[in-house]
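The values are calculated or read from the model by the stated rules, or taken from the named source; none is laboratory data. Just so you know, these numbers come straight off a predicted model, no measurement behind them. Ideal geometry is used to build each Cβ from the backbone, glycine not excepted, and the neighbour counts take in all protein chains shown. Keep in mind that these areas ignore ligands, DNA and RNA; they rest on the heavy atoms of the full protein, side chains included. Shrake-Rupley method; radii C 1.70, N 1.55, O 1.52, S 1.80 Å.
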Amino acid sequence: MPPVFPMLTVLSMFYYMCLRRRARTATRGEMNSRRAIESNTRALPINVEIVQYAKEVLDFSSHYGSENSMSYTMWNLAGIPNVYPSSGDFTQTAVFRTYGTWWDRCPSARLPFKRTPSTFCSQDYVELAFEEPVYPTAVHILETYHPGAIVRILACSANPYSQNPPAEVRWEVLWSEAPTKVNGPQARQFTPCIKQINFPTNLIRLEVNSSLLDYYTELDAVVLHGVKERPVLSLKTSMIDMNDIDEEEDEEKFACGMDTLNKQFNIVTLREWPTNGYFDKLPYELIQLILSHLTVPDLCRLAQTCKLLYQHCCDPLQYIHLSLQPYWARINDTSLEYLQSRCTLIQWLNLSWTGNRGAISVSGFSRFLKVCGSELVRLELSCGHFLNETCLEVITEMCPNLQELNLSSCDKIPPQAFNHIAKVGSLKRLILYRTKVEQTALLSILNFCSELQHLSLGSCVMIEDYDLIASMMGAKCKKLRSLDLWRCKNITESGIAELASGCQLLEELDLGWCPTLQSSTGCFTNLARKLPNLQKLFLTANRSVCDTDIEELAANCTHLRQLDILGTRMVSPASLRKLLESCKDLSLLDVSFCSQIDNRVVLELNANFPNVFIKKSFTQ
């Protein structure tokens, strides 16, 4: 009689391994730290340690500052410290664009991708180049305000200053850990215990998660310690922790699972059982539902067990929503080629952070979309530096149903390429933060994409006349719900009037660091009266915001949830009390550097309105 249970046994063992990995209490960072300490104690001092600060900032996902200055930008991470050991809010530091969970609670928030591994929690990154390639022995990160955002440190095998690009680019995790809540905003030197790697590096990447922070984290400098020759380990070995062995096995399995993205399985070699045991009694849909909880590497590993599970793991229904961002370091043209047959029904695709340094070519990306683009509704391409005009042309031709396109920080795309986006009339969300989009292309997009509901133009410095852009939005984009005009330098009360009259469904508006707007013109009063649905309004660093504006918001925008008036000198505690009494849903109020709002006032407001997070920043 043929065996009844082999298929059940296979899946049971796989399920057990997944549970065991997730149930382990020790964090990856603790295990790596323990191994690193043991390795450091065993290393023989055969050469002198080199200490160097970052020479250059090569790439980053976002920053608080302007593209045309140094204040609050990632470029401040190059060179020696500017602020440390002082604590506080300083313009000479590197600051990312977001913090906390506020951005997940506003109208423009996007739904998360399922199947994201629990070990991947990175939200932003910055890559730093150093003068000399070394085998790292330590990494010091000087954090000067609200520390605790660093979650991963990686090293790259590629030398950014080499004239000959390597055939293969490797990234190795030196240290990783879940985000932590640090008590207090004071400065610190963060020096996690890193593991040894088998190649020299002068390219370090920091990944951050600011979700637990009460305010923006600020970084001052990064110091890389290392030696020119690979450290030799002594023959003496210390006691081996079984958890360390298990963790190393997990890392090897993860690497194996992702490597299978780069080769097609040979189904002929898979064993076929006479029967599938209890799996023959399970509906196909139920097995699919069970497998839908596995990550992409887990699916790749499970597909190697037998023909039945191979069939289920390759079913295009398992890849309706696919995020490859957690595996950005391993995704290349071969990976996309292998995934083509599985992604014919894909609707959501996240390729953010992938493909850089030649990993994905224009032809490889184009081939993938020609096969898999017809059903795409959402396409995330943040920081995709391989993208060019040909890629945007392919997107507009092969993705007729596209509704959401994220090109955030794709600063290598030439200005003329953005004209192609106007062909996608079904777009509802378009993110162009830190891109080189120009005025002519943007006017064309607004004219033909009248279904737009969410638009981000933050830090788009090549737009000459934002009043003209605002006028076009008011005339053509009647369904607009959220608009990001962060750091647009030339919008005036005229553009705001056109915008408020035409886009009365707006629920979210970011006018932070827009210096040409003046309260005396009545622009903010007009906004409050014309946009009663506002839930989020950022007027960051506008010194002219006054009591009249706050009182108009209190009277007309009672659904307000988030308000940022950092830096104003004209708002009194009395008007803030009116606002807090009127806007019952208010959860965030940033009054940092508001000269009339001192710490005593903040304490009083916090006591009377405990459900509101009232932020007051400081500088020492």
Applying the selection to region 419-438, what residues are open to solvent by 30 Å² or more (accessible area, probe 1.4 Å) and not basic (Lys, Arg)? ASN419, GLY425, SER426, GLU438
When restricted to VAL48, VAL83, VAL4, the only residue over 30 Å from SER408 (Cα atoms), modelled with pLDDT of 55 or more and assigned to a loop (DSSP other than H, G, I, E, B) is VAL48
Across region 141-195, which residue is least open to solvent (accessible area, probe 1.4 Å) among those that are out of contact with any helix residue (DSSP H, G or I) (no Cβ under 7 Å at 6 or more places or on another chain) and among the aromatic types (Phe, Trp, Tyr)? TYR145
Among what's in region 305-348 and is in contact (Cβ under 8 Å) with a residue 60 or more places away in the chain and small (Gly, Ala, Ser), pick the residue that is nearest to ALA167 (Cα to Cα). ALA329
Members of region 313-334 found to be in a loop (DSSP other than H, G, I, E, B), under 25 Å from the mean Cα position of the chain (by Cα) and either closer than 14 Å to LEU291 by Cα or not charged (D, E, K, R) (or both), listed by number: ILE320, LEU324, TRP328, ALA329, ILE331, ASN332
Restricting to region 198-231, what's the tally of residues that are of a type in the set (A, V, I, L, M, F, W, C) and surrounded by fewer than 20 Cβ atoms within 10 Å (Cβ to Cβ)? 4
Please find, among ALA470, ALA554, the residue that is touching an Asp or Glu at 6+ places or on another chain (Cβ under 9 Å) and more than 26 Å from ARG434 (Cα to Cα). ALA554
Any chance you could count how many residues in region 176-204 are in a strand (DSSP E or B) and of a type in the set (Val, Ile, Thr)? 2
Of the residues that sit in region 448-479 and are in a loop (DSSP other than H, G, I, E, B) and small (Gly, Ala, Ser), which one is most open to solvent (accessible area, probe 1.4 Å)? SER450
Criterion first (of a type outside the set (Val, Ile, Thr), outside any loop (DSSP other than H, G, I, E, B), out of contact with any Phe, Trp or Tyr (no Cβ under 8 Å at 6 or more places or on another chain) and within 24 Å of THR101 (Cβ to Cβ)) does LEU576 satisfy it? yes
Subset of region 59-80 [assigned to a loop (DSSP other than H, G, I, E, B), crowded, with 16+ Cβ neighbours inside 10 Å and in contact with a strand residue (DSSP E or B) (Cβ under 8 Å, 6 or more places away or on another chain)]: SER61, SER62, HIS63, TYR64, GLY65, TYR72, THR73, ALA78
Unique match (being outside any helix (DSSP H, G or I) and among the acidic types (Asp, Glu)) among GLU375, GLU337, GLU393: GLU375
Looking at region 81-116, which of the residues that are of a type in the set (Lys, Arg) and under 16 Å from LEU213 (Cα atoms) is surrounded by the fewest Cβ atoms within 10 Å (Cβ to Cβ)? ARG105
Evaluate region 305-312: report whether one residue or more is closer than 30 Å to PHE279 by Cβ, aliphatic (A, V, I, L, M), open to solvent by 10 Å² or more (accessible area, probe 1.4 Å) and in a helix (DSSP H, G or I). yes
Given the options VAL134, VAL173, name the one that is in contact with a strand residue (DSSP E or B) (Cβ under 9 Å, 6 or more places away or on another chain), part of a strand (DSSP E or B), assigned by the TED database to the domain that holds MET74 and farther than 26 Å from LEU322 by Cβ. VAL134
If you check SER211, SER162, which single one turns out to be assigned to a loop (DSSP other than H, G, I, E, B), at pLDDT 95 or above and of a type in the set (Gly, Ala, Ser)? SER211
List every residue pair whose Cβ atoms lie under 6 Å apart, where the two residues are 6 or more positions apart in sequence or sit on different chains, the first residue falls within region 46-61 and is farther than 16 Å from VAL95 by Cα, and the second residue, located anywhere, is acidic (Asp, Glu). ASN47/GLU229; ILE50/GLU132; GLN52/GLU131; LYS55/GLU131
Answer yes or no: is there a residue in region 401-418 that is β-branched (Val, Ile, Thr), more than 24 Å from ILE346 (Cβ to Cβ) and crowded, with 20+ Cβ neighbours inside 10 Å. no
Selection from region 364-391 of residues of a type in the set (Gly, Ala, Ser), in contact with a Cys (Cβ under 6 Å, 6 or more places away or on another chain) and under 17 Å from GLN325 (Cβ atoms) yields GLY384
Test set (1) assigned to a helix (DSSP H, G or I); (2) of a type outside the set (S, T, N, Q); (3) surrounded by 17 or more Cβ atoms within 10 Å (Cβ to Cβ) - LEU586 fails condition number: (1)
Restricting to region 86-137, count the residues that are in contact with a Ser or Thr (Cβ under 9 Å, 6 or more places away or on another chain) and under 21 Å from GLY567 (Cα atoms). 15
I'd like to know if region 252-262 contains one or more residues that are closer than 19 Å to TRP328 by Cβ, in a loop (DSSP other than H, G, I, E, B), hydrophobic (A, V, I, L, M, F, W, C) and modelled with pLDDT of 50 or more. no
